[in-house]
Amino acid sequence: MKKSGNHSSLGMRTLAVHGGQHPDAQSGAISSPIVATSSFSYGDFDSGARRFSGEDPGYMYSRFGNPTVTAFEERMAILEDAESAVACASGMAAVSATLFALLKTGDEIIHIGALYGGTEGVIRNLLPRYGIKPVFVPDLESLQSAFTEKTKMVFIETPANPVMGIVSLEEAARLSREAGAITVVDNTFATPYLTRPLALGIDVVLHSATKYISGHGDATGGVVAGRRELIDPIRTLCLKQFGGCLSPFEAALMTRGLKTLPLRVEASSNSAQKIAEFLDEHPAVAEVFYPGLKTHAGHDVARKQMKLFGGIMAIELKGGRKAARHFLDSLTLVTQAVSLGDTDSLACHPATTTHSAVPEKIRLESGITEGLVRISIGIEDTEDLIADFEQALKGL
């Protein structure tokens with residue numbers, strides 16, 4: 001949960017391997033043991049009372065906390081350079097707990113640009129039921145005029161799902177701070193290896209840890225990191241009240257995934273740059289949405305706040321939905337699936353999958369058209385992936 005030691009001088013690859021790692025005191029195991037228990041003995045009556053009141057530290061019940069989950073939380077706090085982190089059962093559990101823990105009836109939340117469909121649903125449909133008003137702005141230039149005395153939070157996803165919109169986190173943090181609002185950033189696409197939002201002035205950073213953090217498509221989870229005063233209420237709501245706790249088995253898989261995070265992200269980012277440049281020249285492709293291209297509207301900002309440009313892109317096919325179907329169904333190496341950040345390359349049609357529940361008008365305003373395909377580049381050989389895309393585009 002809290003950072004241990006001074007890690008400021010260590011590189012991210014070193015931190016990913018060693019940050020928060022402590023050999024098990026009992027066995028000497030280097031990897032954190034999986035503590036598969038629902039309850040923990042507290043010894044006697046008085047010790048139990050003190051532990052449950054918070055007077056004494058210690059584990060009580062795995063929904064509240066578990067040593068294997070704590071090990072994952074410590075690593076994530078170190079990688080994000082945060083005071084504290086809380087692990088949740090999924091990315092949406094992390095999003096929902098953050099919103100409901102830090103907002104109350106009468107508050108307003110500003111969200112900038114396109115967001116993941118599940119997040120859109122909570123902000124636009126669920127929060128208003130509890131008297132929390134969502135305010136949408138298309139870009140950072142519109143943020144200043146959207147603030148009111150009721151604005152309590154600004155929510156950002158950058159790069160944004162699925163059209164790869166880029167928002168200057170430093171500028172968003174400055175404007176929000178001046179307006180008295182906290183900033184929350186979904187850093188799933190960038191990961192702490194490419195962008196550290198807290199270092200740019202953001203208050204809270206969250207991830208769908210199912211994606212790059214796990215990295216192997218075999219675990220589901222979420223994580224939120226930031227100052228302890230903000231994370232503590234999220235922890236209480238997510239774990240004790242919503243019951244959205246992360247399984248120790250999933251936590252162990254994610255801790256394992258973190259060790260190779262920099263290597264995987266770097267490999268997929270380097271491949272994605274070459275693939276984006278190839279697709280950008282293809283006659284069947286109307287536009288490639290990838291911040292590594294100089295033609296991308298957010299290229300200059302992305303270059304300042306990202307180490308590399310990431311492994312996710314979207315392409316707009318000239319033939320619309322018919323072309324998207326042909327392209328996706330013709331892929332042989334790349335798998336049709338809605339997730340991202342795996343070792344395997346994945347592709348999907350957002351309008352009919354990830355964002356199908358978003359009203360058409362809002363989808364189109366966000367650039368999610370019938371011809372849009374989202375692609376997550378894995379760690380396969382770049383040349384093999386390009387060959388697959390090339391053959392799938394034939395005839396379009």
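Being of a type outside the set (A, V, I, L, M), out of contact with any strand residue (DSSP E or B) (no Cβ under 7 Å at 6 or more places or on another chain), open to solvent by less than 40 Å² (accessible area, probe 1.4 Å) and not in a helix (DSSP H, G or I) holds for only one residue in Pro291, Pro283, and it is Pro291. Only one entry of Leu175, Leu127 meets the criterion of being open to solvent by 10 Å² or more (accessible area, probe 1.4 Å) and either polar (S, T, N, Q) or more than 17 Å from Pro291 (Cβ to Cβ) (or both), and that entry is Leu175. Kindly indicate whether Lys361 is open to solvent by 10 Å² or more (accessible area, probe 1.4 Å), basic (Lys, Arg) and not in a helix (DSSP H, G or I). No, not satisfied. Scan the range 307-332 for residues that are without any contact (Cβ under 8 Å) to a residue 12 or more places away in the chain and of a type in the set (Ser, Thr, Tyr) and the total you get is 0.
Among the residues of the range 367-396, those that are in a loop (DSSP other than H, G, I, E, B) and touching a Gly at 6+ places or on another chain (Cβ under 7 Å) comprise Glu370, Gly371, Ile377, Leu396.
In the range 91-123, how many are open to solvent by 30 Å² or more (accessible area, probe 1.4 Å), within 22 Å of Pro162 (Cα to Cα) and at pLDDT 95 or above? Matching residues across the range 91-123 total 1. Selection within the range 364-396: residues that are among the polar types (S, T, N, Q) and within 24 Å of the chain's Cα centre (by Cα). The member of this set that is surrounded by the fewest Cβ atoms within 10 Å (Cβ to Cβ) is Thr369.
Filter the range 177-192 for residues that are in contact (Cβ under 8 Å) with a residue 24 or more places away in the chain and over 12 Å from the mean Cα position of the chain (by Cα); which is nearest to Ala272 (Cα to Cα)? Selected residue: Thr183. Counting residues in the range 188-209 that are of a type in the set (Ser, Thr, Tyr), open to solvent by less than 30 Å² (accessible area, probe 1.4 Å) and over 28 Å from Ala89 (Cα atoms) gives zero.
For (1) within 20 Å of the chain's Cα centre (by Cα); (2) more than 17 Å from Ala387 (Cβ to Cβ); (3) among the aromatic types (Phe, Trp, Tyr), each residue gets a yes or a no:
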{"site": "Val265", "(1), (2), (3)": "yes, yes, no"}
{"site": "Glu277", "(1), (2), (3)": "no, no, no"}
{"site": "Phe309", "(1), (2), (3)": "yes, yes, yes"}
{"site": "Ile312", "(1), (2), (3)": "yes, yes, no"}
{"site": "Glu316", "(1), (2), (3)": "no, yes, no"}
{"site": "Ala324", "(1), (2), (3)": "no, yes, no"}
{"site": "Ser330", "(1), (2), (3)": "no, no, no"}
{"site": "Gly341", "(1), (2), (3)": "yes, yes, no"}
{"site": "Asp344", "(1), (2), (3)": "yes, no, no"}
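The values are calculated or read from the model by the stated rules, or taken from the named source; none is laboratory data. Treat the numbers as computed from the prediction; the structure is a model and nothing was measured. FYI the Cβ positions are ideal-geometry reconstructions off the backbone, even for glycines, and counts take in every protein chain you see. These accessible areas exclude ligands, DNA and RNA; they are computed on the full protein's heavy atoms, side chains included. Shrake-Rupley method; radii C 1.70, N 1.55, O 1.52, S 1.80 Å.
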